[in-house]
Amino acid sequence: MNNELEKNKLSPRRRLVNFLVHLMLAVLAIIWVLPIFWIVLTSFRAEPGAYTSTFLPKGYTFNNYIKLFTDRNVLNFPKMFLNTLIIAIFCCIFSTFFVLSVSYSLSRMRFGFRKPYMNIAMILGLFPGFMAMVAQYFILKALGLTEGSAIRIGLIIVYSACTGLGFQIAKGFFDTIPRSIDEAAIIDGATQWQVFTRITMPLSKPIVIYTVMTSFIAPWVDFVFAKVICRANADQFTVAIGLWNMLQKEYIYQWYTCFAAGAVVISIPIAILFIYMQRFYVEGMAGAVKG
Amino acid sequence: MENNRSNVKNALLHGDLYTRLSAVVMGLGMIGHKQVIKGCMVLLCQLAFIFFMFDSGIHALLMMPSLGTRAQEKVWNEAKQIYEYIAGDNSQQILLAGVVTCFVIAAIIVLWIIQMRFSYKLQKELEEKGHVPTFKEDIRNLFDKNLHITLMTLPCLGILIFNIVPLVYMISMAFTTYSKEDEHLMLFDWCGLRQFSRVLNMKGNIGRQFWHVLGWTIVWAIFATFLNYILGMILAMVINRRDTKGKAFWRFCFILSIAVPQFVTLMIMNIMLQPSGAVNILLQNLGLISSPLPFWQNATWARITIIVINIWIGIPYTMLQITGILQNIPAELYEAAKMDGAGPVKIFFKITLPYMLFVTTPYLISSFVGNINNFGVIYLLSGGGPTYVGDTAGQTDLLVTWLYKLTIDQQYYNLGAVIGIMTFVILTIVTLITYRNSGSYKNEEAFM
Amino acid sequence: MATISLQHIQKIYPNAAVQERRKKRGDDPNKKRNNLKVTEEGVVAVDDFNLEIADKEFIVFVGPSGCGKSTTLRMVAGLEDITRGDLYIDGVRMNDVEPKDRDIAMVFQNYALYPHMTVRQNLEFPLTLRKVPKEQMDKQVDEAADILGITEYLNRKPKALSGGQRQRVAIGRAIVREPKVLLMDEPLSNLDAKLRNQMRAEIIKLRQRIDSTFIYVTHDQTEAMTLGDRIVIMKDGEIQQIGTPQEVFNKPLNTFVAGFIGMPQMNFYDGRLVKEGDKYVIEVLGARIVPTADKQKRLKERNTPEMDITVGARPEHISLKEVDGAMIEGVVDVSEMMGSSVHIHLNAGGRDSIIIVPTIDLKDDEYPTIGSKVRFTFAPNVVHMFDKETGENLEYK
């Protein structure tokens, strides 16, 4: 009751506060959206070069996008796109299987290695990622996976091999499914495998989608591992290295607007996926905080 | 009672002939106790191990202490009238082979223990029940009560081969002279803790840089973690206010900025803040400044810029995570405080913040760890620069980015490994201290 | 269809960590925790459980929460390992048999329906896993749905059903494959009171239509009394009494059973059993009560000495009729008119008591008012005498 009254008859002071809050939010929102707005503008800019004397472009064109997908001579973006797509598809299959398997086992099964595994995962998480990466390169080299198209296999391995350590979010989700549903299925005659595939998986669609998407996105946005493992093999570059290269001194004048176009091209699907997934991200985090 | 425990001691003391023999011929205990296929598989493992050891393992182990001695040589070939290169020892490969061999040996020891215990268990089962699972039943169990073995084997192998082995390999490098310094890239030696003392010694060049970088890393991690945390929380609370209109719209605006891949936004930021970048041009056009601001050229400017940009990146994340938790704060707490006459600022510091700190300690720890290891932000924004002449570490380098520069750019592998180990040690200490003192940890204790 | 035999069943949760910590703190590691026994091996959740269940019998496990009743049920189901002892179904040892091979079905407290399947798919699930042919499956599903009256919901998802309907589906899923044994773990406790009464009646009907042996776990003694052929009353992991509803009501073996069964609770008083010649006499709150001949006989058979006892009397077994020298006086705290009877809460000898007086026995001017004094006595044929030390019933020791 009280609240209703207050709402209908805002005091002048309250109104001022509300106005200021909304003004502040508007300013902040502009700060946050401006760089994204600017990159979209740049991707349509007609004049080349990274640095211009005006903030807004003088002319607009669609040629940056066309150049990005047709110019195969200097920086072969279509090829990079294909490379990344292949890697992403395989990586997605393996990582999803790894993450879901480990999460399900840790959430639903009880075995002696369970606690040690979780502790080991925590300890390994404290090492800087690069430490393993440099040595991974040597191991891949010893296995002959650092030359030619074998680099793709190398990258797939690097991206998916250790995903079994990232079980927290999916495990948190599985933990929320009542155990009695599993038990009912077991009494109904299901094996653990059947519980996994016919009960838990259908009930966990959101987290399965989340896992598939995150593992699909990973190769598109990583440039560090890719750079270390590809080294100078230009025909094996992924999109991220390509974009990174476009900003290097030798290319930046010619390619800067194409970089913007490329950034827009890969950002749109990822942004859509991310906005769709943020719900699971929040839920997963809440779960991780709780447990 | 005691004899029933299937451990190696009991297996050796009370096992029958097969069980005891399997100490020498692995798998015999299983073959003798009606699990022929499994036993043969274990036996095959042993044979493969023996083959491996004689083929290369023993050699690899023998080479480990010296890490190779023969340098690459140039020999004059009389017949062809040219110089020929004779490949010398490659210490890095020798070290890798040695580490791998150690892991193989460890694996066979584990397998030996498991099969000893298992043989004894089988023997007992056969004595008591007269029946042991057939191979078919074992396979079926792998999809039922032993499903975790089926599901976890591949991921564990992946982690072992591509995380644990590389880490051990990298750690072992810290104790060698493997570095571009003094041309030790092909042939290097063990050198004990010398690299550690170099890094820790404040008077040396490397040591001075290390303490410098470490100091900045910690300052950065504290700022990055807590500023993001508090500002993100305030933003979440402002958006969640009862009187705020268009909550979903505001949230969308902020989420949009993290939906774009981080490396893209970071590179754009880098360009925008260059002397002739968009920001400087905008400010100059508006007449606010006369000469460009040195965002990346001056160490202090660079540091502040990085922290501010990290806030720009981090706040939406914190907002996302905290929105959910905020709604879980019991409303009675607020009402009680309001009754007691507390203002909004007091409520924030007396109720919201303590509650959030209590609930989100694990999240804070993981974000602190994440920030210490935050490679992307530094590398893409400032590249660690500005760098003074003669230094390998720039003024904004973190331990991780320095580690990257030392190993990938400079090829000072041993120093890189030491830095990596130091980072791990620091993180472990921080994590343990905060975790031990956190409410969640004590709570778990109380819960037990 | 099935007999079940539980022999010396024991369940111990190994809890090495708890033990270690206690030793460190210097506590007695064998100290009882939550009243459960703690041994070297761990916490004893169920201790020495012995029970023979006849074919088609309806057995109810009842007891307060944490008494081990659900654990026992889950051991029968195979969801928990049996630490020690043997479980036989139809004479076959089941300890190491997988749940799915025991030919049992179970109904869970929270229904545990598969949310992503329709009701029909829920009912079909156990049959498809057993590879029952389609036609037979349809027949069995329709039959089970018919028995439980859920035919019209067959194509809905569980989310679209009410609590009562969900529980019917859960029961349907359990009976659809005609199991030898049907286990029910507090199936009605998530329902509201009215639905619970209704479902209770349905379970009684269901029982007549199918041939399974039932084990039913509840903490509600009304359910136990109305459903069970025999009731197993448990406390702290141990069986207190096994018997028909009449037996546990009329011949409680100890004060726990006496207090647990019956609503409102039995009244207890401190008293003394004395011998006068060859007769036993109960002295309680200044009154002398002479038990009836059959009670005298049972006491004599057991050679009961004079001793301090706990006297138990059910509220409905207390009368207001004057008997010389056997009257106790109490002060009325509250008097509740329930219709057919009046529940009088009163204070006698420092103890709160409840007595139930049929309305027909009270004249208009006799209704007790707050603060008024009431004189009452125990019917000598249904008064219970328990050993004050051990709580055992002296007649059935």
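Residue B:175 passes all but one of (1) at pLDDT 90 or above; (2) outside the structural domain of residue B:363 (by TED's automatic domain parsing); (3) aromatic (Phe, Trp, Tyr); (4) open to solvent by less than 20 Å² (accessible area, probe 1.4 Å); which number fails?
For residue B:175, the failing item is (4).
When you scan the stretch B:177-200, do you find a residue that is facing chain A (nearest Cβ under 9 Å) and without any contact (Cβ under 8 Å) to a residue 24 or more places away in the chain, even just one?
No, every residue in the stretch B:177-200 fails to be facing chain A (nearest Cβ under 9 Å) and without any contact (Cβ under 8 Å) to a residue 24 or more places away in the chain.
State all residues of the stretch A:82-95 that are more than 14 Å from every other protein chain (Cβ to nearest Cβ) and among the hydrophobic types (A, V, I, L, M, F, W, C); if no residue qualifies, say none.
A:82, A:85, A:86, A:87, A:89, A:92
Being open to solvent by 40 Å² or more (accessible area, probe 1.4 Å) and more than 9 Å from chain A (Cβ to nearest Cβ) is the filter here, so list the residues in the stretch B:127-152 that pass it.
Answer for the stretch B:127-152, where residues must be open to solvent by 40 Å² or more (accessible area, probe 1.4 Å) and more than 9 Å from chain A (Cβ to nearest Cβ): B:127, B:128, B:129, B:130, B:131, B:134, B:135, B:136, B:137, B:139.
If I filter the stretch B:250-263 down to residues being at the interface with chain A (Cβ under 7 Å from one of its Cβ atoms) and without any contact (Cβ under 8 Å) to a residue 24 or more places away in the chain, which single residue comes out as farthest from the chain's Cα centre (by Cα)?
B:250
Under the condition of being within 10 Å of chain B (Cβ to nearest Cβ), part of a helix (DSSP H, G or I) and modelled with pLDDT under 80, which residue from the stretch A:1-28 is surrounded by the fewest Cβ atoms within 10 Å (Cβ to Cβ)?
A:3
Exactly one condition in (1) within 11 Å of chain B (Cβ to nearest Cβ); (2) loosely packed, with under 14 Cβ neighbours inside 10 Å is not met by residue A:62; state its number.
Checking residue A:62 against (1) within 11 Å of chain B (Cβ to nearest Cβ); (2) loosely packed, with under 14 Cβ neighbours inside 10 Å, the one that fails is (1).
Need pairs with beta-carbon distance below 7 Å; first residue within 7 Å of chain A (Cβ to nearest Cβ) and within the stretch C:110-126, second among the small types (Gly, Ala, Ser); sequence gap 6+ or separate chains.
Filtered contacts from the stretch C:110-126: C:110/A:180; C:112/A:180; C:112/A:184; C:112/C:170; C:126/A:189.
Tell me, which strands (runs of 3 or more DSSP E) wholly within the stretch C:309-396 include 1 or more residues that are touching a Gly at 6+ places or on another chain (Cβ under 6 Å) and open to solvent by less than 30 Å² (accessible area, probe 1.4 Å)?
C:341-348, C:373-378, C:384-387
Looking only at the stretch C:339-358, decide whether some residue is within 14 Å of residue C:287 (Cβ to Cβ) and in contact with a Ser or Thr (Cβ under 6 Å, 6 or more places away or on another chain).
No.
If a residue has to be more than 9 Å from every other protein chain (Cβ to nearest Cβ), in a loop (DSSP other than H, G, I, E, B) and open to solvent by less than 50 Å² (accessible area, probe 1.4 Å) to count, how many in the stretch C:69-95 make the cut?
4
Kindly evaluate residue A:79 against the criterion of being away from chain B (no Cβ under 12 Å), open to solvent by 60 Å² or more (accessible area, probe 1.4 Å) and outside any helix (DSSP H, G or I). Reasoning before the result, please.
Values: away from chain B (no Cβ under 12 Å): yes; open to solvent by 60 Å² or more (accessible area, probe 1.4 Å): yes; outside any helix (DSSP H, G or I): no.
Answer is no for this residue.
In the stretch A:29-45, which residues are of a type outside the set (D, E, K, R) and crowded, with 17+ Cβ neighbours inside 10 Å?
Matches in the stretch A:29-45: A:29, A:32, A:35, A:36, A:38, A:39, A:42, A:43, A:44.
Would you please list the contacts, defined by Cβ atoms under 9 Å and residues six or more apart or on different chains, that run from a residue in the stretch B:264-281 that is more than 9 Å from every other protein chain (Cβ to nearest Cβ) and touching a residue at least 12 places away in the same chain (Cβ under 8 Å) to a residue that is in a helix (DSSP H, G or I) and of a type in the set (Gly, Ala, Ser)?
Sorted first by the residue in the stretch B:264-281, then by its partner, the pairs are B:266/B:376.
Between a first residue in the stretch B:116-143 that is farther than 17 Å from residue B:23 by Cβ and a second residue that is at pLDDT 85 or above and of a type in the set (A, V, I, L, M), which pairs have beta carbons less than 7 Å apart while being 6 or more apart in sequence or on different chains?
Listed by first residue and then by second, the contacts come to B:132/B:122; B:132/B:126; B:135/B:37; B:142/B:149.
Search the stretch B:219-237 for residues being farther than 16 Å from residue B:321 by Cβ and open to solvent by less than 60 Å² (accessible area, probe 1.4 Å), and hand back the single one that is nearest to the other protein chains (Cβ to nearest Cβ).
Per the criteria, the residue is B:221.
So, in the stretch A:154-178, how many residues would count as being facing chain B (nearest Cβ under 7 Å) and part of a loop (DSSP other than H, G, I, E, B)?
Residues flagged as facing chain B (nearest Cβ under 7 Å) and part of a loop (DSSP other than H, G, I, E, B) within the stretch A:154-178 amount to 1.
Taking residue A:36 as the residue in question, decide whether it is within 30 Å of residue A:192 (Cβ to Cβ) and within 14 Å of chain B (Cβ to nearest Cβ). Write out each step before concluding.
Working: within 30 Å of residue A:192 (Cβ to Cβ): no; within 14 Å of chain B (Cβ to nearest Cβ): yes.
The answer is no for residue A:36.
For residues that are out of contact with any Cys (no Cβ under 9 Å at 6 or more places or on another chain) and farther than 27 Å from residue A:44 by Cα, tally how many sit in the stretch A:236-260.
0
Which one is surrounded by the most Cβ atoms within 10 Å (Cβ to Cβ) among residues in the stretch C:96-132 that are out of contact with any helix residue (DSSP H, G or I) (no Cβ under 9 Å at 6 or more places or on another chain) and assigned to a loop (DSSP other than H, G, I, E, B)?
Only one residue tops the list, namely C:103.
Read through the list (1) touching a Phe, Trp or Tyr at 6+ places or on another chain (Cβ under 7 Å); (2) surrounded by 20 or more Cβ atoms within 10 Å (Cβ to Cβ); (3) within 30 Å of residue B:427 (Cβ to Cβ), then give the number of the only condition that residue A:204 fails.
(3)
Which of the residues spanning the stretch A:254-283 are more than 10 Å from every other protein chain (Cβ to nearest Cβ) and at pLDDT below 70?
A:280
In the stretch A:96-127, which residues are without any contact (Cβ under 8 Å) to a residue 40 or more places away in the chain, at the interface with chain B (Cβ under 8 Å from one of its Cβ atoms) and of a type in the set (S, T, N, Q)?
Result: A:105, single match.
Scanning for something at pLDDT below 90, more than 21 Å from residue A:156 (Cβ to Cβ) and either open to solvent by 40 Å² or more (accessible area, probe 1.4 Å) or more than 10 Å from chain C (Cβ to nearest Cβ) (or both), does the stretch A:179-196 turn up at least one residue?
Yes: the stretch A:179-196 contains one or more residues that are at pLDDT below 90, more than 21 Å from residue A:156 (Cβ to Cβ) and either open to solvent by 40 Å² or more (accessible area, probe 1.4 Å) or more than 10 Å from chain C (Cβ to nearest Cβ) (or both).
Per-residue answers, yes or no, for (1) at pLDDT below 90; (2) more than 30 Å from residue B:212 (Cα to Cα):
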residue: B:89; (1), (2): yes, yes
residue: B:93; (1), (2): yes, yes
residue: B:99; (1), (2): no, yes
residue: B:102; (1), (2): no, yes
residue: B:110; (1), (2): no, yes
residue: B:148; (1), (2): no, yes
residue: B:171; (1), (2): no, no
residue: B:193; (1), (2): yes, no
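Identify all residues within the stretch A:83-139 that are in a helix (DSSP H, G or I), of a type in the set (Lys, Arg) and either open to solvent by 40 Å² or more (accessible area, probe 1.4 Å) or in contact with an Asp or Glu (Cβ under 7 Å, 6 or more places away or on another chain) (or both); write none if there are none.
A:108, A:115 - these are the residues of the stretch A:83-139 that are in a helix (DSSP H, G or I), of a type in the set (Lys, Arg) and either open to solvent by 40 Å² or more (accessible area, probe 1.4 Å) or in contact with an Asp or Glu (Cβ under 7 Å, 6 or more places away or on another chain) (or both).
Residue under question is residue B:329, and the condition is that it be open to solvent by less than 60 Å² (accessible area, probe 1.4 Å), within 14 Å of chain A (Cβ to nearest Cβ) and closer than 21 Å to residue B:263 by Cβ; does it hold? Spell out the reasoning first.
Working: open to solvent by less than 60 Å² (accessible area, probe 1.4 Å): yes; within 14 Å of chain A (Cβ to nearest Cβ): yes; closer than 21 Å to residue B:263 by Cβ: no.
No, not satisfied.
The values are calculated or read from the model by the stated rules, or taken from the named source; none is laboratory data. From a predicted model like this one, the values you see are computed outputs, not experimental measurements. Neighbour counts are summed over all protein chains in view; Cβ atoms, including those assigned to glycine, are modelled from backbone coordinates with ideal geometry. What goes into the accessible areas is simple: the full protein's heavy atoms, side chains included, and nothing from ligands, DNA or RNA. Shrake-Rupley method; radii C 1.70, N 1.55, O 1.52, S 1.80 Å.
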